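This report concerns only the one structure given below.
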Amino acid sequence: MTERESIIYKMGLSFTPGMTTAVARRIAECDLDLERFFTIDTVELRNLLGFSCNVRLDKVQREEALFRAQKEMDFIERHNIRVYYLGDDDYPMLLRETPDAPVVLYQLGDTALDAPHVMNIVGTRRNTANAVSFCDTFISDLAEYFPDTLLVSGLAFGIDTLAHKGALENNLKTVAVVAHGLDTIYPAANRELARKIIKAGGSILSEYPSGTPAYRKHFLERNRIVAGLSELTLVVESPIKGGAMSTANTAFSYSREVGAVPGRVSDEMSRGCNHLIRTHKASLVSNMADVIELMGWRPAGVKVVAKQRNLFPELSGEPKEIYDVLKHSTDPLTVDQLFQQTHIHIPLLISTLTEMEFDGIVIRHPGNRYSIA
């Protein structure tokens, strides 16, 4: 099978009605040849994959999907678009770990998506001057300390645009994840920005084939890719509802780190960030130092001296209760799991965990899970 034929089969698989992440993963587990997927009888296919009749995968529909993929291949070749398939080794590593990863991704540009540090910056389309100032300083510091960072966002107006422009100004690679096919750019006003991103070595990324318009639901689907590609989601400004909150909640559900820039309680565009911090879904981030502490990243050229600690600390009270529970757990535990086993009131539990982390007794993992250091 040629590489061209392989890509057509992979796209055809993604075009097949009823195709989901779980079905695609099952096909890979069964080591089913993709060419055979389009020729095998429907009943035999269901039996081979272990699916009931609820998963249709009708042969006629598979054949139609393959024909559609053959037409899409002309567009792919004409515009030098790269196709990532969930079952391939080069599929983005962090995104692959998510339960609803796209079966296929289309990339305009050749950016390496598995960078040493990957984070996204998202927020409202109606940002304030404070957000401009924060993004200018933060992205400048990010480029100084972590020049290998890949900065992801959604190419929307507001915070997304600030993130992409800040990356370009500071020579960081940036990827814009869009909610439509790669034959267009939305919003149209950001077409020039998209061209600059690609020219600077960045990429435009989508799960949608050409001709797919920017439907409302596509933006919510797009947000899971922004979150899934990233180790850290940083919300700069957001009202209590919006796309950035969707991205943050999705990242939290993936057990990825979430940061939020706090603001005054009276500021509409800070309510979402304050809510994320208050509900312990996000850590407070006011500068690059907060991110370094949160992520445990080591700045380029900076020597970090390991903190000395007692391997068998003498503890009492709440710290001892927490330590004893964690000591007998094979996996990191969430705050809720610790509460269920220690019955320490949540506010006291969180403050105690913070002190223990500072003292080097416990380690905080993505998703606010804790283990013995």
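Below, the figures for the structure above:
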item	result
Solvent accessible area, Å² - residue 210, 1.4 Å probe, full protein context	40
Net dipole in debye of the chain [+1 Lys, Arg Cβ; -1 Asp, Glu Cβ; about Cα centre; nearest 20]	840
Under 5 Å, built H, 5+ apart or other chain: amide partners of residue 257	233, 367
Shape call, segment 195-251: gyration tensor on alpha carbons, a/c limit 1.5	oblate
Lysine pairs within the chain, Cα separation less than 12 Å, 8 or more sequence positions apart or different chains	4
Accessible area, probe 1.4 Å, largest first, for residues 192, 355, 257	355, 192, 257
Residue 188 paired with residue 330, simple spin-label distance in nm, labels 7 Å along Cα-to-beta-carbon	5.9
Between segment 323-352 and segment 168-222, the Cα center-to-center distance that results, in Å	42
Scattering profile of segment 1-80 at q = 0.15, 0.17, 0.25 Å⁻¹ [log10 I(q)/I(0), Debye over alpha-carbon scatterers]	-0.50, -0.63, -1.25
Ranked order, 117, 365, 180, 328 - accessible area, probe 1.4 Å, largest first	328, 365, 117, 180
Convex hull volume of segment 45-201 per residue (C-alpha atoms, cubic angstrom)	146
Scattering profile of the chain at q = 0.07, 0.09 Å⁻¹ [log10 I(q)/I(0), Debye over alpha-carbon scatterers]	-0.37, -0.60
Value of relative contact order over the chain, rounded to a whole percent, pairs C-alpha under 8 Å and six or more apart	12
Per-residue [θ]222 nm for the chain (sum of -39500 (n - 2.57) over DSSP H runs n ≥ 4, rounded to 500)	-13500 deg cm²/dmol
Scattering curve values for segment 130-187, log₁₀ I(q)/I(0), Debye with Cα scatterers, q = 0.23 Å⁻¹	-0.86
Cα→Cβ-extended label distance, 7 Å offset, between residue 140 and residue 112, nm	2.8
Segment residue 316-residue 253, extension gain: residue separation times 0.36 nm, minus the distance between their alpha carbons	19.3 nm
Note, ³J(HN,Hα) from phi for segment 320-328, Karplus 6.51, -1.76, 1.60, rounded to Hz, x at Gly and Pro	5, 4, 5, 4, 5, 5, 5, 4, 9
Alpha-carbon Rg with Dmax, taken over segment 210-364, Å	18.5, 64
Theoretical FRET efficiency, 1/(1+(r/R0)^6), r = Cβ-Cβ of residue 21 and residue 348, R0 45 Å, to 0.05	0.65
Between helix 59-78 and the chain: long-axis angle, C-alpha atoms, 0 to 90°, nearest 10	80
Residue-wise HN-Hα coupling along segment 356-361, computed from phi with Karplus coefficients 6.51, -1.76, 1.60 (Hz; x: Gly, Pro)	5, 5, 4, 7, x, 8
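The values are calculated or read from the model by the stated rules, or taken from the named source; none is laboratory data. It should be emphasised that the depicted structure is a prediction, and the values quoted were computed from it without experimental measurement. Positions of Cβ are backbone-derived with ideal geometry, glycine not excepted, and every protein chain shown enters the neighbour counts. Please note that ligands, DNA and RNA were not included when accessible areas were found on the heavy atoms of the full protein model with its side chains. Shrake-Rupley method; radii C 1.70, N 1.55, O 1.52, S 1.80 Å.
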